[in-house]
Amino acid sequence: MTVLGKRIARGVEFAALTLPAVAAIVVVVMVPFGMSVVNSFMKWNGLDKKPVFIGLANYVELFTDDPNLIAALIFTLFFTVAMVVLTNVIALLLALALNQPLRGRNLLRAAFYVPNIISLIVIGYIWRFIFSKGFDSMYAATGFAPLNLSWLGDPKLAFASTVFVSVWQAVGFYLVIYIAGLQTIPYDIVEAATLDGAGPIRRFFDVTLPLLMPSVTVAVFYSLSNALKTFDVIFSLTYGGPGTATTSIALDIYKTAFSDSRFGYGMAKSVVLFLLILVVGLLQIGFFKKREVES
Amino acid sequence: MKRSLLALAIFAIALGGAAAQGKTVTVLFYSPELTQQYDDMAAEYQKESGNKLDLTVLQADYPTVLRARLNSGDIPDVFMSSAYADNDTYKDYVYDLSNEPFIKDMVPTALTGVTVNGRVIGYPFLVQSHSFIYNKKVFRDAGITKLPTTLKELEAVCVQLQSKGIQPFATGFKEWWVLPQTAWQALAPLPASYKGDYSTFVADLNSGKLKFKNIKEMGQVFDLLDLIKKYGGNKPMESDFNDQCASLATGKVAMIHQGNWAEDTIMKTNPNAEIGYLVGPVGNEAAKSGIMFDSNQTIRVAKDGKNRQAALDWLNWLTTSAYGKAWIPTMIKQMSPIKGAVAPAAQLAKETSAMIAKGVPSYSWYYQRFPSGLEQGLGIVLQGYCAGQTDRARTLDALDQTYAKIAKAAD
């Protein structure tokens, strides 16, 4: 067989094997995305038989005349920073602790992972009950002052509540990533550092963490893009309330489309959200990749 | 071979049996608290006519699912919606019922919300009222003998209740829909210049000629919300519908703002609860305080439904048969828009009829005329005010902004 013939044969083989996956992604992700972009230039209320083409009007309105979107953006950014930092720091500390030879270590690892298996909507409703009725009963029984605060009713406390529930649910997943990452670090390097006189803090920051950077890159990227898209927890815990105090961008898009009946405008917002996540994600990966170290 | 023949035979008989039955009308409703009553009615209808009702009952997801089904072609033969503004929302999908025989059996006032340009495009389902519901026993025990009719009197009642250690209100402020129904009642008589003409009022709001920040009566609305929040316990923003009904039923609170649809839930919690209506204060003008009374929940027949005639036959049965006429008053225990229907054995329904007979003002649910989507949009702005997110001036601006955006998008 000629070299070109071999190349073509290999190309065809490649295409044939990847075709099912590519077809699935194109049909389920690419085509709806394309339709979203097209519809973002239209005005449609979800019921009229024909959408009306209005050019860039949706995008202009989005950038100049939507205080609710600005408020949602600010909330989402604060929420994302809090979520990413807290989730990763807590997951990393737990991974370090649960990598030590402890008794009941597997049980603890499972215990921290279980919240991640439960659907976010269910978790939202459970915590909603705990924060309101549960805390009422606990306060009546113990008189512990923080239980009497309005965790879902006060705008500032509601922010803390949503961050808490999100972190509680997410930690398990990143714990798994970090434990796996820690286990790839060859013990002899750490041992060498100990013999050279490095204390535990120095060992962690100069040896463990640089070698863990690939895991950190993945975990931070994933938690970042999830936090920017956060919807389920807020929908079931507070529905963006009270008022618009805990409305994230994704919830704002949902309300624009399904409550205000402005589907074209909602699609324009979701295209902008996509671009935001893309840019932030690429910047973040670029920054972290430079700090990775091969062992 | 024998076994598969047997299976085939059974299958054919079953199919034949199914084909011999009547038609199936697909129905998409909300108000899941009425699911039992819907099922009982469907079973009775099947017994009497042979036609089947394929019921799907939703709540929070209802508008989204309805929209998705109307768009995708899976059109339900019968669906439910609000009256007034929803006439416009679903105008391309509803069937004109003006010439149907059963329309003449409906009370004419109930048809105002579903009539557009002389055409009746909806079937009024329930007639409902809402205002402040109070627990009569709690009031008696606290020594309150005169029911309040103004904001000042309501505040005095709250002070008296609190001095007896009773929480005056369960606010319900966690639900965005409790805010509009509470707030708009305080504006129901409308600024004097409109003389109660809701169409012009809403048209002026739609065109931008009138803005909320220029309606000085909005002050009364805010005063009322402030009052409810002040006397609504220490977690006013966390009270939802269930909390309201349970607290009122057990006597933990004295008053809630809800409607006669809440009575069933309240009585289930405490079958001995004695409840009644207080008029909604309009500032300090006692003569204008009244209750909100209208037919808003509407049944609509899809123009392009596959079993449209079967759906119309069902509505005819619902309006004219003995079971159908008694269904709403005796089984749903709410007021029926059918002429000559009996009054339900429900305290709030009785109280509504008594108050109207006495001449207490009864206002239509005019806020349902706001363009679709505004009930939630404005409700959330008011919720933000109650949570302390915005002060009065910023809230009024937010109301105007939200209204302008959605009104513009709706036309």
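Data overview
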{"quantity": "Residue selected from the stretch B:234-243 under the condition facing another protein chain (nearest Cβ under 10 Å) and of a type outside the set (Ser, Thr, Tyr), by the criterion farthest from the chain's Cα centre (by Cα)", "calculated": "B:234"}
{"quantity": "Single match in A:41, A:144 (criterion: touching a helix residue (DSSP H, G or I) at 6+ places or on another chain (Cβ under 9 Å), more than 14 Å from every other protein chain (Cβ to nearest Cβ) and free of Cβ contacts under 8 Å to residues at least 24 places away in the same chain)", "calculated": "A:144"}
{"quantity": "Unique match (being of a type in the set (Ser, Thr, Tyr), part of a helix (DSSP H, G or I) and more than 14 Å from chain B (Cβ to nearest Cβ)) among A:125, A:113", "calculated": "A:113"}
{"quantity": "Some residue of the stretch A:241-258 being more than 14 Å from chain B (Cβ to nearest Cβ) and among the basic types (Lys, Arg)", "calculated": "no"}
{"quantity": "Filter result for residue B:331 (under 30 Å from residue B:188 (Cβ atoms), assigned by TED's automatic domain parsing to the domain that holds residue B:67, surrounded by 15 or more Cβ atoms within 10 Å (Cβ to Cβ) and of a type in the set (A, V, I, L, M, F, W, C))", "calculated": "no"}
{"quantity": "Selection within the stretch A:37-70 - buried (at least 17 other Cβ atoms within 10 Å of the Cβ) and outside any loop (DSSP other than H, G, I, E, B)", "calculated": "A:39, A:42, A:43, A:58, A:61, A:62, A:68, A:69"}
{"quantity": "Residue identified as loosely packed, with under 12 Cβ neighbours inside 10 Å and either within 25 Å of residue A:187 (Cα to Cα) or modelled with pLDDT of 90 or more (or both) among A:122, A:167, A:163", "calculated": "A:122"}
{"quantity": "The stretch B:119-165: number of residues that are buried (at least 16 other Cβ atoms within 10 Å of the Cβ) and closer than 30 Å to residue B:311 by Cα", "calculated": "10"}
{"quantity": "Selection within the stretch B:90-144 - within 14 Å of another protein chain (Cβ to nearest Cβ) and either at positive phi or among the hydroxyl-bearing types (Ser, Thr, Tyr) (or both)", "calculated": "B:90, B:93"}
{"quantity": "Residue among B:393, B:409, B:398 that alone is within 10 Å of chain A (Cβ to nearest Cβ) and surrounded by fewer than 23 Cβ atoms within 10 Å (Cβ to Cβ)", "calculated": "B:409"}
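Residue-wise test of (1) within 14 Å of chain A (Cβ to nearest Cβ); (2) loosely packed, with under 15 Cβ neighbours inside 10 Å; (3) not in a loop (DSSP other than H, G, I, E, B).
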site: B:35; (1), (2), (3): no, yes, yes
site: B:39; (1), (2), (3): no, yes, yes
site: B:43; (1), (2), (3): no, yes, yes
site: B:48; (1), (2), (3): no, yes, yes
site: B:55; (1), (2), (3): no, no, yes
site: B:59; (1), (2), (3): yes, yes, no
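The values are calculated or read from the model by the stated rules, or taken from the named source; none is laboratory data. Everything numeric here is computed off the predicted structure, so don't read it as measured data. Methodologically, a virtual Cβ is constructed for each residue, glycine included, from the backbone with ideal geometry; neighbour enumeration extends over all protein chains shown.
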